[in-house]
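Notes for the one structure printed next.
The values are calculated or read from the model by the stated rules, or taken from the named source; none is laboratory data. Since the structure is predicted, the reported quantities are computational estimates derived from the model, not experimental observations. Cβ coordinates were reconstructed from backbone atoms using ideal geometry, including for glycine residues, and neighbour counts include every protein chain displayed. Ligands, DNA and RNA are stripped out before the accessible areas are found, and what is left, the full protein with its side chains, is counted by its heavy atoms. Shrake-Rupley method; radii C 1.70, N 1.55, O 1.52, S 1.80 Å.
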Amino acid sequence: MIPLSWYLTLSAILFIIGAVGVLTRKNALIILMSIELMLNSAAINFIAFSSYLKEVTGQIFVIMIITVAAAEAAVGLGIIIAMFRNKGSVNLDDYKLLKG
């Protein structure tokens, strides 16, 4: 059996990669994928603790995370496609007008 610490380490590594992607990139698609990576790292934590504690609650939270991730991807891709049709770019520096 794989120890719990390995899952937590994997989750931390995925979350750090996702956070670095969100903080350092300007491409909207890469930022969207990085957010998905961070949500998946949280899901790994929930599944690992659910298996470790022999409870189903973590698996229910993972279903909610998958639902939120799917909704976020659908809405985010819609916004990115609209942005690309307007300006021809998905670089967030081209959209400083949206800051208000």
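Worth pointing out:
- Subset of the stretch 22-42 [without any contact (Cβ under 8 Å) to a residue 40 or more places away in the chain and over 10 Å from the mean Cα position of the chain (by Cα)]: Leu23, Thr24, Arg25, Ile30
- Checked across the stretch 60-83, the condition of being assigned to a helix (DSSP H, G or I), open to solvent by less than 60 Å² (accessible area, probe 1.4 Å) and of a type in the set (Ser, Thr, Tyr) holds for no residue.
- Within the stretch 84-98, considering residues that are closer than 20 Å to Thr24 by Cα, of a type outside the set (A, V, I, L, M, F, W, C) and part of a helix (DSSP H, G or I), the one least open to solvent (accessible area, probe 1.4 Å): Tyr95
- Of the criteria (1) open to solvent by 40 Å² or more (accessible area, probe 1.4 Å); (2) within 18 Å of the chain's Cα centre (by Cα), which one Ser5 fails: (2)
- Across the stretch 47-70, the qualifying residues are those that are free of Cβ contacts under 8 Å to residues at least 12 places away in the same chain and over 20 Å from Ser5 (Cβ atoms), and the one among them that is farthest from the chain's Cα centre (by Cα) is Val56.
- Some residue of the stretch 71-79 being under 26 Å from Ile2 (Cβ atoms) and within 15 Å of the chain's Cα centre (by Cα): no
- With respect to being surrounded by fewer than 16 Cβ atoms within 10 Å (Cβ to Cβ) and either closer than 30 Å to Pro3 by Cβ or touching a strand residue (DSSP E or B) at 6+ places or on another chain (Cβ under 7 Å) (or both), Ile44 falls outside the description.
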